[in-house]
Amino acid sequence: MAETESYPPIDPTNFDLIVVGTGLPESIIAAAASTAGKTVLHLDPNPFYGSHYSSLTLQDLVSFLNSHSEIPKTNSLQSDDTTIVDVNTRPLYSDVEISSYDDSLEEHSRKFNLDLCGPRVLFCADLSVNLLLQSTANQYVEFKNIDASYVGDGNGNLMNVPDSKSAVFKDKTLEYSEKNQLNSFFKLVQGHLEAVKSVDVVIDAEKIISDDDLESPFVGFLDKMKLPPKIKSIILYAIAMVDYDQDAGESCKDILKTREGIDRLGLYHSSVGRFPNALGSLIYPIYGQGELPQAFCRRAAVKGCLYVLRMPVISILLNKDSGNYRGVKLVSGQELSSDKLVMDPSFTITSSKCLQNISKLARGICITKSSLKPDISNCLVIYPPRSLYPDQATSIRILQLGSNLAVCPSGMFVFYISVVCDDALEGKKSLHAAIDGLFSVHTDQTDSNELKPTLLWSALYIQDLIEGSVGPVVTTPTPDGNLNYNNLLDATSMLFKKLYPDDEFFPETSNTDSSDKLEDDSEVVLDS
Amino acid sequence: MHGRPRKSATPVDENASALKAAKIRSLQTQFLQNHHNNIYTKEALELNAKLLETNPEYMTAWNYRKLAFEHNLISQSDAEKADSDHIKSIIDEELRVVENALRTNFKSYGAWHHRKWVVSKGNSSTERELKLLNMFQKQDTRNFHAWNYRRFIAGLKNISDEKELQYTTDMINDNFSNYSAWHNRSVLLSNLLEKKAEGYFPKETFLTEEYEFVRNAVFTDPDDQSGWFYHLWLLDQTVKVDMPVMVSSWPPCDSDINLPVASEVKFPVVLYFNEPVEGISSHTVIVQIEDDVFKDITWSPLSTNKFGCGQAWVTHLSIPHEKFNFSKIYEVKIKSEDSRGITSLSGVPCSRPWSFAFRVSVKDVQPDEGQSFGRIMLTDESFCTIDTNLNKTNLLKSYFELKTSDDDQITSSKWKLEMIDNEIAHYRELLTWADCKIGKLTLARLLMAYDSMTSSATPIAHVEEVLQLYSELMKLDTPHQQYYKDEYSLVLLKQVTSSMESLLKHCWQYKSTPSSITGSICLRLNSLSLSRIGSIERLLWVQSLDLSHNQLHSIEGLEALQLLSCLNLSHNKLASFTALDPLRFLKSLKVLNVSHNEIGSHTIDTRRYQCSSPMSHTIDYDPKFEEFANGDAKLVNFWEAYTVFGGLNLMQLDIVGNVAVDERFVSFLVKLLHGLKWLDGEELH
């Protein structure tokens, strides 16, 4: 730990809200609270923004994954009216496994911007894009679109995902009958979603899918619509992005209902063509996902939020009588008071119970010198359940990104892999299966038949999944296993509502100008 | 833009539009002043540009710019003339104004037109025009102004059809629901076909690829009609015979006809083609009786429109009186002389020579004239089944023989059949899961196309299926019922006329002694729910025709039946006198029954024109009518009936049971038709 003198004193010492950690949920809360006129202090013990949502250089990534920094203990001093509780760190990462097959990568370390929470993308019509527009944080981020998505099988084939009418039309692998079935289903869903929105009840009633169907499992509904397995798998895992094997029956952990499945399809389709210059439905921020928390931090800063990095909080001050939160003690020794405290999930206070049976997420980052498909730089690959090995229970998602997104040196490609799992063993098994399916690991000579990219470097790790909670202090959720931020943003806005029930979460500006822009959607900058 | 609901105006919008209107009015006043005083200064042009940017629809303002453009080019100084940059800057300025106007309204006729005008003056860069087009075609992929302009630029700048074809592929790949892109594709492919460009000739390969391409569209979304329209074009490209062909004639090839001799021996000769043609004359067709070539023969088209063309052409031949010889059989030969002079309406010559011959004998019969004319009954009781030994059936036979021999020449190549067979299989499959109207219609068309190619081998194999499809369509798609009904009728008639056996089933013999008017056989196509007439090429021999109790709304096609003397059209849906127009050509018609139709129930025949007037009629107004009406105001309204019946020599007419028929009309008819013996069952004296 550095000398106390190196920590600057913070002035003022009283705030409406103190936020610890600069992950996406914390940054959004800081920005929303600042926008609502609160005085906010935003702290992070790390020297960078983004916490577990950050994008880091190769070196920083490795050291962050392995860090188990302990916060110095105070001797739980008691004063008359205050209980002082130590803050403990809770490492989110375990089973970290770094493999390097090419030493030259180290020289380029600083040219990488590797996501801690990958694979992650934004759907053009999803909540995060809406929130960026609504909060005007979008002015700090630029996006490019993901060029393609594929479904992989055990034999190394990657099949295009026919995800829209024009993609179905163009597809070369589907039978004519499959084209008809797939697009008919798209139309059915579209008709339903339009009819639900429509005012013309009488005309549109017949297009609405019955409540019975909506409450039943989506997989059953697809069967009812007589869709063959291949089409079902595309819809479930490559468009609705379902995790668990929906055909596993009783043993499936999370059965997707038709209502939710249809909403996911709707989100996917409304994403296609929302922005005239984005070709597909998915976009990715240039310089990495870490740009998003930073954008909200900048937004918060504009609204008066105070930022201090490299500033750990060592303990929490509670009211002795009520047990209510009153302030924090910093590593510098300074005590600050605030009405509310928000902390990222890697911090716990000793008094709070340790969570048991935490669910896990296996993540992997791979680096190669070639792309999976010669002409495609950025793409998504889905391995549906049971596609790689018989007892593969969940789908594995892989995101390939090229240097045009400024996440790696030119001529290289970064892959993010993730899979939800019960334990590290199962998770690693899935990651390895995907890696074996996609890459070759021969370092020396490669036989000419081998078209797979050669693996240069990989990092595999298990991340704990912790949901947000409200206690004397508010804890934000860890990055989840989804491809987009929708669930995280829902959780975040719920937390904000609990914190400030009377304040709006990023109120719509009455300025007609900005609402116009929202409608014609020219606001999100896509660099093409 | 398509499919985007219009928002109702808010008070703010209304204010804005009021302001805009005021601005336009003020600009307009100033502009018109400039225009009237021929002021073409820089300031005046700027003012005009401002006006056009706010209101690109103002044609006068565009015209003013054209005047100014030419004025400024002429009046420039010699130094400026030498300076090509100066001209370029004038043109660039024009293009800039147009572009700004298009940004206001990318569907402005005036703006696009002005751009064409300027660009055709030369000096503009292709690159810039294509960039502009890409922008507007991205904004609205179905903007037909932009597509039109694209074709113009491609032509002006010699952009290859292949390159443009690739552009349509890209646009269709983006969104295949794009009529404009499919249409442009058909235009480009037609060009390439015509040029017999490499890779597009023979058309087999490209057609296979195109069928596959469009199949992706119609299978992906069978309810999207744009692909189906393209498919229809492809089908047409596959089956169409590349040039006009003479398909049938009266008298038929190699037949013997027997003529009664009156004062002269005169008989019609009819040439029937697969499509309307023009250019039939004594120069293009040689008529030879025995060894004499007839030079001064006039052929006239049998067509209710007056464009000098027709599917059927007629001339009347007579054997010169001095050559009469009752024991003699005259050999008549008709052949194309310079068949390239005979062309389809699109100018394709009938380049395959043809000829046919028949024999004419003359018999001496007492003329009917002295005898009294008994009413001819056309009810079931008047007929009995046909005696197949009648020599008339021999004549009939020659129609089917003629057909087969001719068929060999237009036998479709194997690949066409395979292609269509393949398409049939695909669309049968589609219809097993998609109940789609246009899919059914396409299948019906494919099946008929297939049958028409194979008809010599397996006649009309799919007719039942096609009829079934059309019946389903009538129920499924009531707004287009009439179309399906018409198609149904044509297919049914094809079936009836497909073989001599099936045709004979509809031929009945008169019980009474055959008169020269009725002939011995009556073709009875009654009570078949027909709504229109087809397969005329197989019916040219018909003298008596019963079409009663059908749903005919049109009798187009009957004009080619030059022998027709006895026609029953009672109990149909003929709604006006103009619907009877084809009768004008039937000079031998003696007996006509149009009773119980709907003539007069619609005051105006909207099929022909919106406003009923002699001036708007397709045939020339006959000045004799005024003479006939002789100022009788009551008769003036009957000019339509006059044009149809005026030239006919009817002896028996039934017209009762039509709204238009009243006492006044009956007396008009009696006055008009001198030869009429029976009117609505009453004998006239």
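Where a number appears in this text, it was derived from the coordinates with a stated rule and is not lab data. What you see is a predicted model; the values in this text were computed from it and never measured. Don't worry about glycine lacking a Cβ; one is built from the backbone with ideal geometry, like all the others, and counts go over all protein chains shown.
Quick look at the values:
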item	result
J(HN,Hα) series, segment B:427-434, from Karplus relation 6.51 cos²θ - 1.76 cosθ + 1.60, nearest Hz, glycine and proline x	6, 4, 5, 4, 6, 6, 10, 10
Positive-end residue of B:PHE201, B:ASN63, B:THR220, charge dipole of segment B:17-239 with Cβ unit charges	B:ASN63
Amide H partners (placed H, <5 Å) of A:LEU114, local residues excluded	A:LEU56, A:THR57
Sequence-separation-based contact order of segment B:111-233, relative, with Cα cut under 8 Å and 6+ spacing, percent	20
Per-residue HN-Hα couplings for segment B:496-507 [Karplus 6.51, -1.76, 1.60; θ = phi - 60°; Hz; x = Gly/Pro]	4, 9, 5, 9, 5, 4, 5, 5, 5, 4, 9, 9
Segment B:18-61-segment A:240-291 distance, computed between alpha-carbon centres (Å)	53
Test item: Cα-centred dipole of the protein assembly as shown, Lys/Arg +1 and Asp/Glu -1 on Cβ, debye	2100
Calculated FRET efficiency for the pair B:SER327/B:ASP387, C-beta based, R₀ 22 Å, to 0.05	0.20
Segment B:241-300: relative contact order in percent, alpha carbon pairs under 8 Å with at least 6 residues between	32
Separation in nanometres of the label points that stand 7 Å from Cα toward Cβ, at A:TYR389 and A:SER337	5.9
Where labels lie 7 Å past Cα in the beta-carbon direction, separation of A:ILE358 and B:PHE267 in nm	10.7
Net dipole in debye of chain B [+1 Lys, Arg Cβ; -1 Asp, Glu Cβ; about Cα centre; nearest 20]	1300
Calculated FRET value between B:GLN33 and B:ASN63, using beta carbons and R₀ = 22 Å, to 0.05	0.90
Segment B:246-367: relative contact order as a whole-number percent, Cα under 8 Å and 6+ apart	36
Estimated distance in nm for a label pair at B:TRP415 and A:SER216, the labels positioned 7 Å out from Cα along Cα-to-Cβ	5.0
Value at 222 nm in deg cm²/dmol, rounded to 500, when DSSP H runs of n ≥ 4 in chain A each add -39,500 (n - 2.57)	-8000 deg cm²/dmol
Farthest toward positive dipole pole in chain A [+1 Lys/Arg, -1 Asp/Glu at C-beta], among A:TYR500, A:LEU380, A:LEU17	A:LEU380
Order of A:THR475, B:THR104 under a 10 Å beta carbon neighbour criterion, fewest first	B:THR104, A:THR475
Stretch gain in nm, segment B:LYS7-B:ARG352, where the contour uses 0.36 nm per residue and the Cα spacing is subtracted	118.1 nm
Rounded FRET efficiency, nearest 0.05, which uses the C-beta distance separating A:VAL199 from B:ALA16 and R0 of 25 Å	0.40
Net charge dipole size for chain A [Lys, Arg +1 and Asp, Glu -1 on Cβ; Debye, nearest 20]	340
5 angstrom amide H check on A:SER338, placed H, neighbours 5+ away	A:PHE15, A:GLY327, A:VAL328
Residue exposure sequence - A:ARG90, B:ARG445 - by fewest surrounding Cβ within 10 Å	A:ARG90, B:ARG445
